[in-house]
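Below is one structure; the comments refer to it alone.
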Amino acid sequence: KTVSVVDLTNDTENKIEVAVNPAYLAKNSAGNIYVLALGNFYANIPAALYKIDASNNVTPMNITATEMTICNDKLYLLNTVYDETGSSSTITVFDTRTDAVIPNAFIKDYSVFSSSPYKLSADEVSGDIYITSQGTEGGEVYIFDSNGNLKKKMSTGGDYPVCTVNVR
């Protein structure tokens, strides 16, 4: 339920309360920290996004997501909902300079995925967004440009690929 901000100049820790299960952190160019807390995976405490500014003020962003990555001050937020019939996913782009959702800013056609999107990461240099898909018969990696245009699709040969790393 907390995120610790440590001041290395005087070795002090400030514990900041957010929702249950803070799992992902991202920092924008202004020094704000965005925290995605996953809740308790039940309906009573949903996932939530928070912003922590340089003064350690916490602001809820009123966005639900299950995964997050940042690229060029834009948060890419994957939200996958599971129910008895399967899963469905959406990806939202959130501008951290204005703290606003950019409407219709990314993938318009989710039919490019052979199974539900699973994890995502970003390449800060190219601006490309990498999205992996779920699968026990071999997951896939999809590479999109920052506008949501599919550039490439690759099979990983492994189940449930979790992340990508850009090596230069």
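The values are calculated or read from the model by the stated rules, or taken from the named source; none is laboratory data. A quick note: this is a predicted structure, and the numbers were derived from the prediction, not measured. All Cβ positions, glycine included, derive from the backbone under ideal geometry; neighbour counts span all protein chains shown. Only protein heavy atoms, including side chains, enter the accessible area calculation; ligands, DNA and RNA are left aside. Shrake-Rupley method; radii C 1.70, N 1.55, O 1.52, S 1.80 Å.
Under the simplified labelling scheme, the Glu124-Glu84 pair shows an inter-label distance of 4.6 nm, with each label point 7 Å from Cα along Cα→Cβ. Between Tyr160, Asn104, Ala30, the Cα set farthest toward the positive side of the dipole of the chain (charges on each charged residue's Cβ, about the Cα centre) is that of Asn104. Among Val81, Val20, Val141, whose mean-square fluctuation peaks in a Gaussian network model of the chain (Cα, cutoff 10 Å)? Comparing Val81, Val20, Val141 in a Gaussian network model of the chain, the most mobile one is Val81. With the simple model of a label 7 Å out from the Cα in the direction of the Cβ, Lys151 to Asn21 spans 3.2 nm.
Placing +1 on the Cβ of every Lys and Arg and -1 on the Cβ of every Asp and Glu, with no other charges, gives the range 45-119 a dipole of roughly 160 debye about its Cα centre.
Here the chain has 50 percent of its accessible surface on carbon and sulfur atoms, given a 1.4 Å probe and all protein chains in place.
Across the cross-link table entries Lys15/Lys74; Lys108/Lys152; Lys27/Lys108; Lys119/Lys151; Lys51/Lys108; Lys51/Lys151, which are compared at the Cα atoms, the separations over 20 Å belong to Lys15/Lys74; Lys27/Lys108; Lys51/Lys108; Lys51/Lys151. Approximating the spin labels as points 7 Å out from Cα along Cα→Cβ, the Ser55-to-Ser111 distance works out to 5.1 nm.
Rounded to a whole number of µm²/s, how large is the Stokes-Einstein D of the range 54-127 at 25 °C and 0.890 mPa s, given Rh as the Kirkwood radius over C-alpha pairs? All intermediate terms of the calculation are to be shown ahead of the outcome.
Values: Rh = 13.8 Å.
It diffuses with D of about 178 µm²/s by this estimate.
Listed values (i) 0.98; (ii) 1.11; (iii) 1.04 include one computed from this model; for Rg/Rh (Cα atoms, Kirkwood Rh) that value carries the label (i). Sorted on the mean count of surrounding Cβ atoms within 10 Å across their residues, most packed first, peptides 63-71, 98-106, 9-17 read 63-71, 98-106, 9-17. Here the calculated FRET efficiency for Ala30 and Asn10, from their Cβ-Cβ distance with R0 = 35 Å, stands at 0.95, rounded to the nearest 0.05.
Can you give me the accessible area per residue for the chain, using a 1.4 Å probe, in Å²?
Numbers: 9370 Å² over 168 residues.
Per-residue value: 56 Å².
For the listed peptides 125-131, 82-88, a ranking on the average number of other beta carbons within 10 Å per residue, highest first, reads 125-131, 82-88.
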